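So the structure is just underneath, and the comments pick up after that.
The values are calculated or read from the model by the stated rules, or taken from the named source; none is laboratory data. Keep in mind that what you see is a predicted model, and the values were worked out from it rather than measured. Every residue, glycine as well, gets a Cβ built from its backbone with ideal geometry; the counts of neighbours run over all protein chains shown.
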Amino acid sequence: MAHYVMVIDLNTCVGCNACMAACSLENQTPVWSDEWRTYVHDREVGKGRSVRRHFIPRLCNHCENPPCMTVCPTGATYRGVGGTVQVEEDLCMGCQACALACPYDARYPFTNEDMKEGEAYYGTLKRSSSSMDKCSFCEHRIKEGKQPACVQTCVGYSRMFGDLDNPGHPVTELIKSGKAQPLLGHLGTRPSVYYIPQK
Amino acid sequence: MELMTYSTQTLWTWWFAVYLFLGGMGAAVVAVSFITHRHLSESRNLVMWGALSGVAMMAAGSGMLFIHLMDKWAAIYILTPWGIFQKPDAWIAWGSQFIVWLQIAAILYALPYMVTSRRLLAMPLVGSILKMGLMTKVAAFAERSHGFWGWVSILAGLGTVVYTGLLLQSFPAVVLWHNPALPILFTVSALSTAMAWLLIVMYLFLGDSVEQRIRALYERVDLGLITAELIIIFSFFNYTLSGSEAGYRSAQMLWNDAGWLFGFIGIGLVVPLIIEFKCVFGSWGGKRTVIPASLCVLTGGYLLRHYFMAAGVYAYPW
């Protein structure tokens, strides 16, 4: 069985936000509420001549031990294809416990108001009801053999996607070599998103 | 990667503190009054007040959560018993079952007394409902299995009390919540607020129908619970002060806030501690001292949860 992972190289992310645009169109996220499945944080680091911008793309980490799935009382959050973490919209009652459980701030509510706004914004909505929302690793695209929309569109090839169980894949080598590290690994969530730190 | 952002959540705010407060206190009111009835006192009024006020508190608290759900129909998945078989690792699933069964069992335990209560039978709407043939049959059924419903209420009540702490404990990113002491703190606090509420009820409404020794016992137990709560709070302070930046920031938020210091610590713990100490070991006592002390305890019970929800700090690596 596959174990899908993403590696993000912080040295090549230029902060163009194309990933955010691609994701929002692919997955119809409520951008009018400033809610995104993936978001690129932009921080200014240093002073004077050594000042530089620091971009950190954030998304659901599709943890192997996901606290959002544990706390979900209805089973709306479940394990999907290739170890991904998915949301069954019709089962979600919107208690928002998953949002509080997630250490990566990856969950947000797609509210009833967003449903109305979404129809006006995107036309026909792909979803049938309000629910807590999050990145799905573009599960629908993975099933078709494609890459997630954010990976497909990344101009700096900062985002790489692959199967950790495939020993020859570049992402596997980056992770096994220790060049790519997970965020907040000490929490025991065992994330499936890894980052190559900025040099 | 060394960048960190520290922030608090804005999804579960005061209304969730109300849920935790009323849910925990209501469940503890039922558990404490029923344990008292089964082992220490024969007061039927205590059972009825415990059951009705406890159920009302839990209904109001649960209502707070319910009205904030995005899809209220989907709540059916946790209100039906197979919810915990489907998600046995989710504390909300357990808590919902505890609350549902606690309310049913508490009413069944009190019903045999309610259908014979002259005061309730004299009430316009309540009286006519209690006189219905169906009610009499249900009361007779509940009477035959009285002990069973009592113990279901007590166990589900204690389960609910502990659940309120376990729920917050299951959020690993927040140091203030994700630690072994939180369920103990919320349990002690819920039992203390329940004792305080029942003391108010006894002094204001139950008169001589509950023995004086029960009031004295409640005051002593509450004194012990407030003392334990102070120790646990100090332990939290010591724990969060070092070890993690997020915990330190939680400590800073709490201990630099006048509402926490004077509201929770001062009015909610120290003032009732002094009054109840004087009641138990000194010459103070009676309605005029116990009721203000109990009101302080109730205020502190809410403030504790309010500030804990507000001061849960997340550490984000960006």
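Screening region A:67-113 for residues that are among the charged types (D, E, K, R) and touching a strand residue (DSSP E or B) at 6+ places or on another chain (Cβ under 9 Å) and picking the one that is surrounded by the most Cβ atoms within 10 Å (Cβ to Cβ) gives A:R107. Within region B:89-141, being aromatic (F, W, Y) and either more than 14 Å from chain A (Cβ to nearest Cβ) or closer than 22 Å to B:N45 by Cβ (or both) holds for B:W101, B:Y109, B:Y113, B:F141. Collect the residues in region B:294-318 that are within 14 Å of chain A (Cβ to nearest Cβ) and either of a type in the set (A, V, I, L, M, F, W, C) or outside any strand (DSSP E or B) (or both), keeping them in residue-number order. Selection gives B:F308, B:M309, B:A310, B:A311, B:G312, B:V313, B:A315, B:P317, B:W318. Being away from chain B (no Cβ under 14 Å), of a type in the set (K, R) and over 30 Å from B:M70 (Cβ atoms): is that true of A:K176 here? Criteria met by A:K176. Checked against the criteria, A:C68 counts as in contact (Cβ under 8 Å) with a residue 24 or more places away in the chain, in a helix (DSSP H, G or I), touching a Lys or Arg at 6+ places or on another chain (Cβ under 7 Å) and within 14 Å of chain B (Cβ to nearest Cβ). Within region A:28-39, can one find any residue that is within 13 Å of chain B (Cβ to nearest Cβ), within 29 Å of A:P170 (Cα to Cα) and not aliphatic (A, V, I, L, M)? Yes: one or more hits.
Count of region A:145-199 residues, restricted to those that are more than 30 Å from B:S170 (Cα to Cα), among the small types (G, A, S) and free of Cβ contacts under 8 Å to residues at least 12 places away in the same chain, is 3.
Residues to consider are B:G150, B:G165; find the one that is within 20 Å of A:Q96 (Cα to Cα), modelled with pLDDT of 95 or more and assigned to a helix (DSSP H, G or I). Unique residue meeting the criteria: B:G165. Apart from one condition, B:V313 fits all of (1) closer than 15 Å to B:S192 by Cα; (2) touching a residue at least 40 places away in the same chain (Cβ under 8 Å); the exception is (1). Being in a loop (DSSP other than H, G, I, E, B) and either at pLDDT 95 or above or facing chain B (nearest Cβ under 7 Å) (or both) is a property that holds for A:C63. Of the conditions (1) of a type in the set (G, A, S); (2) crowded, with 16+ Cβ neighbours inside 10 Å; (3) within 30 Å of B:V115 (Cα to Cα), B:A140 clears all except one; give me its number. The number of the failed condition is (2). Residues of region A:130-149 include none that is within 14 Å of chain B (Cβ to nearest Cβ) and surrounded by fewer than 16 Cβ atoms within 10 Å (Cβ to Cβ).
Quick grid of which residues meet (1) modelled with pLDDT of 95 or more; (2) within 14 Å of chain A (Cβ to nearest Cβ):
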{"residue": "B:S7", "(1), (2)": "yes, yes"}
{"residue": "B:H37", "(1), (2)": "yes, no"}
{"residue": "B:E42", "(1), (2)": "no, no"}
{"residue": "B:L46", "(1), (2)": "yes, no"}
{"residue": "B:I76", "(1), (2)": "no, yes"}
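Checking each residue in region A:13-69 for being out of contact with any Ser or Thr (no Cβ under 7 Å at 6 or more places or on another chain), among the small types (G, A, S) and closer than 30 Å to A:T124 by Cβ picks out A:A21, A:S24, A:S33. Among residues of region B:244-263 being in contact with a Ser or Thr (Cβ under 8 Å, 6 or more places away or on another chain) and not aliphatic (A, V, I, L, M), the one that is surrounded by the fewest Cβ atoms within 10 Å (Cβ to Cβ) is B:Y248.
Residues in region A:76-97 that are more than 9 Å from chain B (Cβ to nearest Cβ) and in a loop (DSSP other than H, G, I, E, B) were compared, and the one that is farthest from B:K72 (Cα to Cα) is A:T84. The number of residues in region B:32-78 being buried (at least 18 other Cβ atoms within 10 Å of the Cβ) and of a type in the set (D, E, K, R) comes to 1. Scanning region A:107-128 for residues that are within 9 Å of chain B (Cβ to nearest Cβ) and either at positive phi or over 21 Å from the mean Cα position of the chain (by Cα) (or both) yields a single hit, A:N112.
Any chance region B:237-256 includes a residue that's under 19 Å from B:G24 (Cβ atoms) and in contact (Cβ under 8 Å) with a residue 24 or more places away in the chain? Checking region B:237-256: not a single residue is under 19 Å from B:G24 (Cβ atoms) and in contact (Cβ under 8 Å) with a residue 24 or more places away in the chain.
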